[in-house]
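Read through the structure below, which is laid out as structure tokens, and then see the notes.
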Amino acid sequence: MKISDIMTRNVHTAAPEQSIREAAAIMARIDTGALLVNDKDRLIGMVTDRDIAIRAVAEGLDGNTPIRQVMSGNIRYCFEDEEVQHVAENMADIQLRRLPVLNREKRLVGVVSLGNISSARSPQASATVLQGVAKAH
């Protein structure tokens with residue numbers, strides 16, 4: 001089974017110039033803890049609720065601070081044509097709960113999460129990711 005079969009499409013993204021207040025509002029509205037950051041159709045980062053709390057609020061930055069200042073820029077990703085088990089093993093190795101999904105032109109086409117993998121009817125893939133993520137916490 002390919003990642004494209006299980007990934008979430010229509011991913012909400014943010015622009016690097018948007019404020020962390022706007023990012024937090026989007027996260028609240030769509031009930032997520034992370035937003036991918038796109039700049040001119042290229043994935044350049046991810047901002048999480050933790051980034052906002054630790055890198056912004058704890059440092060005394062205000063809500064108008066651009067996302068670019070607090071986002072994580074070293075983004076791990078997978079490709080839509082990769083096998084689910086392979087991506088599950090990668091997610092476990094790097095201890096991540098979600099990965100952006102790119103096409104081979106490196107354009108964002110979706111996101112795959114622990115939930116997507118668990119719904120793939122692949123107990124082995126689910127167990128792999130869970131064991132890897134559990135090591136991180």
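The values are calculated or read from the model by the stated rules, or taken from the named source; none is laboratory data. As the structure is a computational prediction, the values presented were derived from the model and not from experiment. Cβ sites come from the backbone with ideal geometry, for glycine too, and all protein chains shown count toward neighbours.
Of everything in region 1-11 that's among the β-branched types (Val, Ile, Thr) and crowded, with 17+ Cβ neighbours inside 10 Å, which residue is farthest from Ile44 (Cα to Cα)?
Let us first name the residues in region 1-11 that are among the β-branched types (Val, Ile, Thr), namely 3, 6, 8, 11.
Applying the additional criterion that residues be crowded, with 17+ Cβ neighbours inside 10 Å yields 3, 6, 11.
Values: Ile3: 21, Ile6: 23, Val11: 15 Å.
Checked region 1-11; the qualifying residue farthest from Ile44 (Cα to Cα) is Ile6.
Please work out if Arg9 is closer than 15 Å to Val111 by Cβ and of a type in the set (Lys, Arg).
Details: closer than 15 Å to Val111 by Cβ: yes; of a type in the set (Lys, Arg): yes.
Here the answer is yes, as Arg9 does meet what is asked.
Report yes if Val47 is over 24 Å from Ile6 (Cα atoms), surrounded by 16 or more Cβ atoms within 10 Å (Cβ to Cβ), in contact (Cβ under 8 Å) with a residue 24 or more places away in the chain and not hydroxyl-bearing (Ser, Thr, Tyr), otherwise no.
Numbers: over 24 Å from Ile6 (Cα atoms): no; surrounded by 16 or more Cβ atoms within 10 Å (Cβ to Cβ): yes; in contact (Cβ under 8 Å) with a residue 24 or more places away in the chain: yes; not hydroxyl-bearing (Ser, Thr, Tyr): yes.
When the stated conditions are applied, Val47 does not pass them.
Can you pull out the residues in region 12-38 that are part of a loop (DSSP other than H, G, I, E, B) and surrounded by fewer than 18 Cβ atoms within 10 Å (Cβ to Cβ)? Spell out how you get there, then give the answer.
Applying the first criterion (part of a loop (DSSP other than H, G, I, E, B)) to region 12-38 yields 12, 15-18, 31-33.
Residues satisfying the conditions are His12, Ala15, Pro16, Glu17, Asp31, Thr32, Gly33.
Can you work out which of the residues in region 63-76 that are in contact with a strand residue (DSSP E or B) (Cβ under 9 Å, 6 or more places away or on another chain) and at pLDDT 95 or above is surrounded by the fewest Cβ atoms within 10 Å (Cβ to Cβ)? Steps first, answer last, please.
Step one: of region 63-76, the residues in contact with a strand residue (DSSP E or B) (Cβ under 9 Å, 6 or more places away or on another chain) are 63-68, 70-76.
This time we only want the ones that are at pLDDT 95 or above, so: 63-68, 70-71.
On the way: Gly63: 14, Asn64: 9, Thr65: 18, Pro66: 16, Ile67: 24, Arg68: 18, Val70: 22, Met71: 23.
Among them, the one singled out is Asn64.
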